[in-house]
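> Following this message is one structure expressed as structure tokens.
The values are calculated or read from the model by the stated rules, or taken from the named source; none is laboratory data. Because the structure is a prediction, the values reported are computed rather than measured. So basically every Cβ, Gly included, is an ideal-geometry build from the backbone, and we count neighbours across all protein chains shown. Remember, those area values only see protein heavy atoms, side chains included, never the ligands or the DNA or RNA. Shrake-Rupley method; radii C 1.70, N 1.55, O 1.52, S 1.80 Å.
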Amino acid sequence: MPSQFAAYLRVYEPLAAFDRDRQRYWRRYLEEGRAVGPAEGPGRQRVSVLEALGAGWTRLPDLPEEAYVLQTEGGTLICPWNLRVRVAEAALIARDGVPAVLADAFVPPALAGVARTVLDDFRSGAKVLDHGVPRLHEHVATWGVPLRWFLFVDPAEREVSTQSGRRMLRYRTEIGQARRRAHKGLAVLRRSMGDAPITEAVAEGTRWLEEFHPGSMVELDYGGLVHLFSDEALLGDDSPELVATGIAGLARGDAEAAAEAYEELIDRWRQIQLMERCN
């Protein structure tokens with residue numbers, strides 16, 4: 001069973017997207033056979049983070065620089081984990097909007113201070129790469145898939161398996177395709193809904209996609225969520241198609257069709273999210 005019921009949105013970049021030091025590092029990483037598969041990666045990330053934090057959660061040491069690797073006809077693509085930055089970001093998010101006494105109990109001030117320094121260094125460009133600003137290659141969502149992620153993929157790109165030990169559902173697409181879908185959907189949402197939260201969420205995702213090398217691949221991986229679906233439900237999941245139907249309805253002014261697709265999608269994923277309360 002998976003270490004967590006989570007889905008993942010990843011971008012794999014070609015080696016040319018990284019500076020020379022990183023290129024050398026990732027080549028050695030590949031030559032040494034250290035690449036980790038998406039199936040075992042989340043559990044390995046979790047163990048690495050917990051071991052590095054220590055029992056007191058008072059430090060944020062360097063974490064292992066690892067990555068998912070994808071072999072394509074065009075060459076090798078890398079999706080770095082960026083664990084140290086992601087842990088720092090998660091630590092500060094956990095404190096946000098929480099009373100100080102609770103925030104300090106979950107994320108001690110010492111760890112929060114280190115986390116702010118790590119994020120400030122990252123965002124200031126201390127580690128700027130050849131192709132733009134520093135960027136995180138993987139986003140994680142627990143107990144569901146953010147609806148905006150479905151906008152980036154197409155049903156024809158689905159890969160699914162219900163075999164024991166190989167259960168999975170994922171979509172992979174060229175980043176150019178994902179960007180075009182994102183921009184098209186964002187334009188429709190802005191015309192029909194204005195500055196609604198969903199519009200800003202899609203805009204944020206669109207900006208994120210623009211950070212990467214044009215030769216990249218985008219992957220939407222259901223991860224451990226596949227274990228919450230029956231075989232029939234997993235094989236029949238058409239969430240990206242429902243999102244596309246909703247966007248098409250908005251584009252032609254058919255609010256009823258858009259609402260119907262949205263409600264079906266929300267109801268499906270609400271059933272998954274409700275399982276968190278039973279966990």
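> When only residues in segment 252-279 that are small (G, A, S) and surrounded by 15 or more Cβ atoms within 10 Å (Cβ to Cβ) count, which is nearest to the chain's Cα centre (by Cα)?
Per the stated criteria, the residue is A261.
> Something else about it: Report whether or not G249 is crowded, with 19+ Cβ neighbours inside 10 Å, more than 19 Å from the chain's Cα centre (by Cα) and farther than 21 Å from A141 by Cα.
Answer is yes for this residue.
> Taking segment 140-157 only, how many residues are over 25 Å from V87 (Cα atoms), buried (at least 19 other Cβ atoms within 10 Å of the Cβ) and not aromatic (F, W, Y)?
2
> Among what's in segment 122-137 and is modelled with pLDDT under 55 and out of contact with any Gly (no Cβ under 9 Å at 6 or more places or on another chain), pick the residue that is most open to solvent (accessible area, probe 1.4 Å).
Top of the filtered list is K127.
> Pull up segment 107-121, narrow it to residues that are open to solvent by less than 30 Å² (accessible area, probe 1.4 Å) and of a type in the set (V, I, T), then point me to the one that is farthest from R95 (Cα to Cα).
V118
> Right, another one. Any idea which residue in segment 183-200 is most open to solvent (accessible area, probe 1.4 Å), counting only those that are out of contact with any Leu (no Cβ under 9 Å at 6 or more places or on another chain) and not in a helix (DSSP H, G or I)?
By that ranking, first place goes to D195.
> Which of (1) within 12 Å of L151 (Cβ to Cβ); (2) open to solvent by less than 40 Å² (accessible area, probe 1.4 Å) is the odd one out, the single condition E219 does not satisfy?
With respect to (1) within 12 Å of L151 (Cβ to Cβ); (2) open to solvent by less than 40 Å² (accessible area, probe 1.4 Å), E219 is out only on (1).
> Residue by residue through segment 1-37, note down the ones that are open to solvent by 40 Å² or more (accessible area, probe 1.4 Å), more than 21 Å from E210 (Cα to Cα), in contact with a strand residue (DSSP E or B) (Cβ under 8 Å, 6 or more places away or on another chain) and touching a residue at least 40 places away in the same chain (Cβ under 8 Å).
Of everything in segment 1-37, those that are open to solvent by 40 Å² or more (accessible area, probe 1.4 Å), more than 21 Å from E210 (Cα to Cα), in contact with a strand residue (DSSP E or B) (Cβ under 8 Å, 6 or more places away or on another chain) and touching a residue at least 40 places away in the same chain (Cβ under 8 Å) turn out to be Q4, F5, L30.
> Next question. Residues to consider are L30, L77, L70, L60; find the one that is out of contact with any Cys (no Cβ under 6 Å at 6 or more places or on another chain), of a type in the set (A, V, I, L, M, F, W, C) and at pLDDT below 90.
Checking each option against the conditions leaves just L60.
> Of the residues that make up segment 196-209, is at least one closer than 30 Å to F18 by Cα and of a type in the set (D, E)?
Yes, because at least one residue in segment 196-209 is closer than 30 Å to F18 by Cα and of a type in the set (D, E).
> Which numbered condition trips up A203, out of (1) aliphatic (A, V, I, L, M); (2) assigned to a helix (DSSP H, G or I); (3) under 30 Å from A233 (Cβ atoms); (4) modelled with pLDDT of 95 or more?
(3)
> Please go through segment 67-119 and pick out each residue that is part of a helix (DSSP H, G or I) and of a type in the set (F, W, Y).
Correct list: F106 only.
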